[in-house]
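Undergrad: For reference, the structure I am asking about is given below.
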């Protein structure tokens, strides 16, 4: 639980006892801006958030990013830095009544003492539209400084009017060096951390915790606490030593952060397809592994491969589409984990194939003309003549059958005199180079 400086349920002494028994990750939350680690792109010296705080002009903000990257910690730091009253609400458990009570307190406080109020709403994306709308006027008027935290993209999960009244800060996973510094601080801090214990932590053990946490400081600190405190009984008066083996036994299997309906889903799919398009098989197979390990539906992955084969390879290597089609069928028929073999084979083939979007561009341009240009009627000689009365209408008259020519080609109008445009222009690579040479040969014979 984040500390609420105006929570009537807990007296100051009770808060102290609660915090003393809290997990290490809670106790080690920074007490000032100088202790805050990470997010230098907006919280570092001279950056936007630091400038807002230095100028005492902080308005409402939305903190958006993965767990354990400092959203709640920074909210607490801001409240202390601005000397504001701090209120904490968890969106899944809060109601409109809770919001109105805090806003009323904030308004009275501002009028009577000019003291500001910071309202931190965790998981703000879980508020419905009515709950979010309650905040609009008071956020705009500065009655409360809203700090909303969310792991979901706020541009999809938070109301547009509330977004327009707030500054969005994107939190990134902490760097390995950042997590290491947090772990070392926890080992040396005698008041909040583990500094009162006689602990020797091996460098490789700390490095393991920093890497396996995937930029989540909370997970790293939890592993450190378990790895050290679990040895208290056996160590006795001896020094506690955190070895690599002990660190490995103190964390669960690495959790792969993947939301099949959120940003991660779309970002990984985008990286996967762009890596295939960019002819990088190593990046392709890595993003493929990320999706598979995260539990992505193999049919979705297969469809991405098929789209890339048709759009980005096309006729430069028609076999790419054949392999992609096979991967779609195998993924449907076999399923994971075996389907990963066919998916990897097809994805790597597409990545390594020569690229051409000439076919894709042809249909895009043609569709644009069909939708936005004048509709061209089918020339009479190309119309269906296999029915009674077609001859009287002149349908099919004058059509030249190409196979009657020794070359298999005859010159005739296939689109109408009103439209003379090249949609398909083969690239000079792969199989499409041969196609281009053949079409040029036909044009030369015509000329």
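The values are calculated or read from the model by the stated rules, or taken from the named source; none is laboratory data. All of these numbers come straight from a predicted model, not from anything done at the bench. Heads up, the Cβs are rebuilt from the backbone with ideal geometry, glycines too, and the neighbour counts pull from every protein chain shown.
Undergrad: Residues 75, 130, 91: which one is at pLDDT below 90, buried (at least 22 other Cβ atoms within 10 Å of the Cβ) and in the same structural domain as residue 35 (by TED's automatic domain parsing)? Show your work before the answer.
TA: Details: 130 fails: buried (at least 22 other Cβ atoms within 10 Å of the Cβ); 91 fails: buried (at least 22 other Cβ atoms within 10 Å of the Cβ).
Residue meeting the stated conditions: 75.
Undergrad: In region 83-132, how many are out of contact with any strand residue (DSSP E or B) (no Cβ under 9 Å at 6 or more places or on another chain) and farther than 19 Å from residue 149 by Cβ?
TA: The total comes to 12.
Undergrad: Moving on to the next point. For residue 25, all conditions in the list (1) part of a helix (DSSP H, G or I); (2) touching a strand residue (DSSP E or B) at 6+ places or on another chain (Cβ under 8 Å); (3) closer than 21 Å to residue 192 by Cβ hold save one; what is the number of the exception?
TA: Checking residue 25 against (1) part of a helix (DSSP H, G or I); (2) touching a strand residue (DSSP E or B) at 6+ places or on another chain (Cβ under 8 Å); (3) closer than 21 Å to residue 192 by Cβ, the one that fails is (2).
Undergrad: Any chance region 406-414 includes a residue that's surrounded by 12 or more Cβ atoms within 10 Å (Cβ to Cβ), free of Cβ contacts under 8 Å to residues at least 24 places away in the same chain and over 22 Å from residue 309 (Cα atoms)?
TA: Checking region 406-414: at least one residue is surrounded by 12 or more Cβ atoms within 10 Å (Cβ to Cβ), free of Cβ contacts under 8 Å to residues at least 24 places away in the same chain and over 22 Å from residue 309 (Cα atoms).
Undergrad: Which condition number in (1) surrounded by fewer than 19 Cβ atoms within 10 Å (Cβ to Cβ); (2) modelled with pLDDT of 85 or more; (3) touching a strand residue (DSSP E or B) at 6+ places or on another chain (Cβ under 9 Å) is the one that residue 303 fails?
TA: Result: residue 303 passes all but (3).
Undergrad: Report yes if residue 436 is part of a helix (DSSP H, G or I) and surrounded by 13 or more Cβ atoms within 10 Å (Cβ to Cβ), otherwise no. Steps first, please.
TA: Values: part of a helix (DSSP H, G or I): yes; surrounded by 13 or more Cβ atoms within 10 Å (Cβ to Cβ): yes.
When the stated conditions are applied, residue 436 passes them.
Undergrad: Being surrounded by 22 or more Cβ atoms within 10 Å (Cβ to Cβ) and over 17 Å from residue 87 (Cβ atoms) is the filter here, so list the residues in region 133-150 that pass it.
TA: 150
Undergrad: So which residues in region 347-357 are crowded, with 21+ Cβ neighbours inside 10 Å and assigned to a helix (DSSP H, G or I), if there are any at all?
TA: So in region 347-357, the residues crowded, with 21+ Cβ neighbours inside 10 Å come out as 347, 349-351, 353, 355-356.
Of everything in region 347-357, those that are crowded, with 21+ Cβ neighbours inside 10 Å and assigned to a helix (DSSP H, G or I) turn out to be 347, 349, 350, 351.
Undergrad: Turning to a different aspect of this structure: Restrict the check to region 102-124 and report whether at least one residue is touching a helix residue (DSSP H, G or I) at 6+ places or on another chain (Cβ under 9 Å), surrounded by fewer than 19 Cβ atoms within 10 Å (Cβ to Cβ) and closer than 28 Å to residue 69 by Cα. So that I can check it myself, show each step before the final result.
TA: Taking region 102-124 as the starting set, the residues that turn out to be touching a helix residue (DSSP H, G or I) at 6+ places or on another chain (Cβ under 9 Å) are 103, 106-107, 115-122, 124.
Keeping just the survivors that are surrounded by fewer than 19 Cβ atoms within 10 Å (Cβ to Cβ) gives 107, 115.
Next, from what is left, pick out any that are closer than 28 Å to residue 69 by Cα: none.
No, region 102-124 contains no residue that is touching a helix residue (DSSP H, G or I) at 6+ places or on another chain (Cβ under 9 Å), surrounded by fewer than 19 Cβ atoms within 10 Å (Cβ to Cβ) and closer than 28 Å to residue 69 by Cα.
Undergrad: Does residue 83 qualify as being in a loop (DSSP other than H, G, I, E, B), surrounded by fewer than 22 Cβ atoms within 10 Å (Cβ to Cβ) and out of contact with any helix residue (DSSP H, G or I) (no Cβ under 9 Å at 6 or more places or on another chain)?
TA: Details: in a loop (DSSP other than H, G, I, E, B): yes; surrounded by fewer than 22 Cβ atoms within 10 Å (Cβ to Cβ): yes; out of contact with any helix residue (DSSP H, G or I) (no Cβ under 9 Å at 6 or more places or on another chain): yes.
The answer is yes for residue 83.
Undergrad: Moving on. Just one of the numbered conditions (1) free of Cβ contacts under 8 Å to residues at least 12 places away in the same chain; (2) assigned by TED's automatic domain parsing to the domain that holds residue 302 is not true of residue 348; which one?
TA: Residue 348 satisfies every listed condition except (1).
Undergrad: Another question about this same structure. Against the condition surrounded by 11 or more Cβ atoms within 10 Å (Cβ to Cβ) and part of a loop (DSSP other than H, G, I, E, B), how does residue 378 come out, does it pass?
TA: Considered against the rule, which asks whether it is surrounded by 11 or more Cβ atoms within 10 Å (Cβ to Cβ) and part of a loop (DSSP other than H, G, I, E, B), residue 378 comes out as yes.
Undergrad: Name every residue in region 27-37 that is more than 17 Å from residue 174 (Cα to Cα) and either surrounded by 17 or more Cβ atoms within 10 Å (Cβ to Cβ) or in the same structural domain as residue 180 (by TED's automatic domain parsing) (or both), in order of residue number. Steps first, please.
TA: Within region 27-37, the first condition is being more than 17 Å from residue 174 (Cα to Cα), and the residues that meet it are 27, 31-32.
Answer for region 27-37, where residues must be more than 17 Å from residue 174 (Cα to Cα) and either surrounded by 17 or more Cβ atoms within 10 Å (Cβ to Cβ) or in the same structural domain as residue 180 (by TED's automatic domain parsing) (or both): just 27.
Undergrad: Going through region 235-245 one residue at a time, which ones are farther than 17 Å from residue 25 by Cβ and either part of a loop (DSSP other than H, G, I, E, B) or touching a strand residue (DSSP E or B) at 6+ places or on another chain (Cβ under 9 Å) (or both)?
TA: Just the residues of region 235-245 that are farther than 17 Å from residue 25 by Cβ, to begin with: 235-241, 243-245.
Those that are farther than 17 Å from residue 25 by Cβ and either part of a loop (DSSP other than H, G, I, E, B) or touching a strand residue (DSSP E or B) at 6+ places or on another chain (Cβ under 9 Å) (or both): 235, 236, 237, 238, 239, 240, 241, 243.
Undergrad: Could you tell me whether any residue of region 422-433 is out of contact with any helix residue (DSSP H, G or I) (no Cβ under 7 Å at 6 or more places or on another chain) and either surrounded by 10 or more Cβ atoms within 10 Å (Cβ to Cβ) or not assigned by TED's automatic domain parsing to the domain that holds residue 386 (or both)? Spell out the reasoning first.
TA: Applying the first criterion (out of contact with any helix residue (DSSP H, G or I) (no Cβ under 7 Å at 6 or more places or on another chain)) to region 422-433 yields 422, 433.
Next cut, either surrounded by 10 or more Cβ atoms within 10 Å (Cβ to Cβ) or not assigned by TED's automatic domain parsing to the domain that holds residue 386 (or both) only: 433.
So far as region 422-433 goes, yes, one or more of its residues are out of contact with any helix residue (DSSP H, G or I) (no Cβ under 7 Å at 6 or more places or on another chain) and either surrounded by 10 or more Cβ atoms within 10 Å (Cβ to Cβ) or not assigned by TED's automatic domain parsing to the domain that holds residue 386 (or both).
Undergrad: Looking at 366, 360, 344 in this structure, which one is crowded, with 16+ Cβ neighbours inside 10 Å and in a helix (DSSP H, G or I)?
TA: Values: 366 fails: crowded, with 16+ Cβ neighbours inside 10 Å; 360 fails: crowded, with 16+ Cβ neighbours inside 10 Å.
Just one listed residue meets the conditions, 344.
Undergrad: Give the number of residues within region 38-66 that are crowded, with 16+ Cβ neighbours inside 10 Å and assigned to a loop (DSSP other than H, G, I, E, B).
TA: Number of matching residues: 6.
Undergrad: May I ask you to say which residue of 200, 140 is free of Cβ contacts under 8 Å to residues at least 60 places away in the same chain and assigned by TED's automatic domain parsing to the domain that holds residue 50?
TA: Values: 200 fails: assigned by TED's automatic domain parsing to the domain that holds residue 50.
Going through 200, 140 in turn, the sole match is 140.
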